[in-house]
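Asker: Mind looking over this structure? Questions follow.
The values are calculated or read from the model by the stated rules, or taken from the named source; none is laboratory data. Being a predicted model, the structure only gives us computed values, none of them experimental. For neighbour counting, all protein chains shown are included, and Cβ atoms are generated from backbone atoms with ideal geometry for every residue, glycine included.
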C-alpha cells in the first residue's frame, strides 16, 4: 500500500520549510518499517522506489514546482529511472534521503535521489521526469520560464548524460 500517512507527515513537516532554488537539495529523514521489508528483512527494492516519493514530492513543493503545476494545470510523470543498490537498509534503521534536480534537457528534468546510512550511501537513483499537459510533454524551457528561473542551465553530470545516451539506443518496444 502507498505510504499515505508518511507522505502526509512529510508534507506537513515541509509546509513551512525554507524555499529551495530549482537546483537545491532537499534532505529528509525516514525509518525502514516492518511493512517496507522483503523476505531478507531489509528494505524491499520496489518499496525503495515508493519511498523516494517522500523526498521528491516535498522537493517539488519547496522549489515552487507544485504550485506552478497546479497554476498551469500541468502534470508530472516519470519517464525512466536508473537505480543502484549498494548497502542494505534493515528494519527499524533510520536513514537520510537527499533529493535534488541535477539538470534538464529540452524535454526532461533529471532528479537524483540517494539514501544514506551515516556517511555511507545505501542506494541512489536518477529519474527522468516530464511535465505534461493535454498535448503531451511540455518543453522544459516553458517549465523553467514558469518557475521564473533566470540562472544558467546546469550542465548534466557526465554519468547522467551517459545514461541518456545509452537509453537512446535501447530498443523500444523490447523484443517479446
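Asker: Looking only at region 84-117, how many residues end up being within 22 Å of residue 155 (Cα to Cα) and either surrounded by 14 or more Cβ atoms within 10 Å (Cβ to Cβ) or within 12 Å of the chain's Cα centre (by Cα) (or both)?
Answerer: 16
Asker: If you check 162, 130, which single one turns out to be closer than 15 Å to residue 81 by Cα and either in a loop (DSSP other than H, G, I, E, B) or without any contact (Cβ under 8 Å) to a residue 24 or more places away in the chain (or both)? Write out each step before concluding.
Answerer: On the way: 130 fails: either in a loop (DSSP other than H, G, I, E, B) or without any contact (Cβ under 8 Å) to a residue 24 or more places away in the chain (or both).
When all the criteria are applied, what remains is 162.
Asker: How many residues does region 16-35 hold that are without any contact (Cβ under 8 Å) to a residue 40 or more places away in the chain and either surrounded by 12 or more Cβ atoms within 10 Å (Cβ to Cβ) or farther than 16 Å from residue 91 by Cα (or both)? Walk me through how you get there before you give the answer.
Answerer: At the first step, the residues of region 16-35 found to be without any contact (Cβ under 8 Å) to a residue 40 or more places away in the chain are 16, 35.
Filter once more, keeping what is either surrounded by 12 or more Cβ atoms within 10 Å (Cβ to Cβ) or farther than 16 Å from residue 91 by Cα (or both): 16.
Selection size over region 16-35: 1.
Asker: State all residues of region 89-125 that are part of a strand (DSSP E or B) and either out of contact with any strand residue (DSSP E or B) (no Cβ under 8 Å at 6 or more places or on another chain) or over 22 Å from residue 32 (Cα atoms) (or both); if no residue qualifies, say none. Let's see the steps before the verdict.
Answerer: Applying the first criterion (part of a strand (DSSP E or B)) to region 89-125 yields 90, 94-104, 109-117, 120-125.
Those that are part of a strand (DSSP E or B) and either out of contact with any strand residue (DSSP E or B) (no Cβ under 8 Å at 6 or more places or on another chain) or over 22 Å from residue 32 (Cα atoms) (or both): 101, 102, 103, 104, 109, 110, 111, 120.
Asker: Shifting gears a bit: Go through region 140-151 and give me each residue that's out of contact with any helix residue (DSSP H, G or I) (no Cβ under 8 Å at 6 or more places or on another chain), touching a residue at least 24 places away in the same chain (Cβ under 8 Å) and either surrounded by 15 or more Cβ atoms within 10 Å (Cβ to Cβ) or more than 16 Å from residue 72 (Cα to Cα) (or both).
Answerer: Hits for region 140-151 are 140, 144, 149, 151.
Asker: Give the residue, chosen from 56, 67, that is surrounded by 15 or more Cβ atoms within 10 Å (Cβ to Cβ), at pLDDT 95 or above and in a helix (DSSP H, G or I). If you could, list the steps in order and put the result at the bottom.
Answerer: On the way: 67 fails: surrounded by 15 or more Cβ atoms within 10 Å (Cβ to Cβ).
Of the residues listed, the single one that is surrounded by 15 or more Cβ atoms within 10 Å (Cβ to Cβ), at pLDDT 95 or above and in a helix (DSSP H, G or I) is 56.
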